[in-house]
Every structure is written in C-alpha cells, then in structure tokens.
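Trainee: I am attaching a structure below and will ask some questions about it afterwards.
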Amino acid sequence: MSYQRKLINYTIACVNVFADRFNMSVKESYRYLRDFKGIEFLKDFYEEEHVLSFDNVIEDLQVLCRRNGGTI
C-alpha cells in the first residue's frame with residue numbers, strides 16, 4: 001500500500017473515531033477537524049501520530065483544535 005493510501009485510510013479512521021468520541025456525524029467531525037487544522041495536523045505528523053493509540057491521537061486533535069479556536 002502506498003504512503004498516500006495509508007495516510008488517507010488513517011485520516012478517515014481518525015475522523016470516524018473523533019465523531020464517535022464526541023457524538024457527532026462523520027461529516028461534522030471532518031468539517032470541525034478541517035476548520036480547526038486537525039486534518040492538516042494528521043497529514044503533517046502522520047509518522048509520529050499513527051504509532052499512538054487512537055485515544056492519544058484524539059486528545060492531540062482536541063488540544064490542537066482548541067488552540068485554533070475550536071470548542072470541543
């Protein structure tokens with residue numbers, strides 16, 4: 001599997017887990033993460049984040065998005 005395909009699959013998984021964690025739709029989750037730089041973070045730090053548990057990744061996304069104006 002190519003690096004890009006792995007990154008896409010990982011991003012989709014993170015968006016889905018984020019949606020489940022915060023009781024939102026996948027579409028809402030994606031928009032929130034996109035608007036508050038979470039998607040960009042996943043892309044930029046894939047190598048570091050994909051070895052962590054989803055719990056840790058979701059915490060990282062939550063902190064990052066709050067720093068960028070998110071409220072979750």
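Trainee: Can you tell me which residue is farthest from Val63 (Cα to Cα) among those in the stretch 1-29 that are in a loop (DSSP other than H, G, I, E, B) and of a type in the set (A, V, I, L, M)?
Mentor: Out of the qualifying residues, it is Met1.
Trainee: For Asp35, only one of the following conditions fails: (1) closer than 24 Å to Arg5 by Cβ; (2) of a type outside the set (Gly, Ala, Ser); (3) in contact with a Cys (Cβ under 9 Å, 6 or more places away or on another chain). What is its number?
Mentor: (1)
Trainee: May I ask you to list pairs of residues, at least six apart or on different chains, whose Cβ atoms are under 8 Å apart, with the first in the stretch 61-72 being assigned to a loop (DSSP other than H, G, I, E, B) and the second being exposed (fewer than 13 other Cβ atoms within 10 Å of the Cβ) and modelled with pLDDT of 95 or more?
Mentor: Matching pairs, first to second residue: Ile72/Arg66.
The values are calculated or read from the model by the stated rules, or taken from the named source; none is laboratory data. Given the structure is predicted, the values throughout are model-derived calculations rather than measurements. Neighbour counts run over all protein chains shown; Cβ positions are idealised from the backbone, glycine included.
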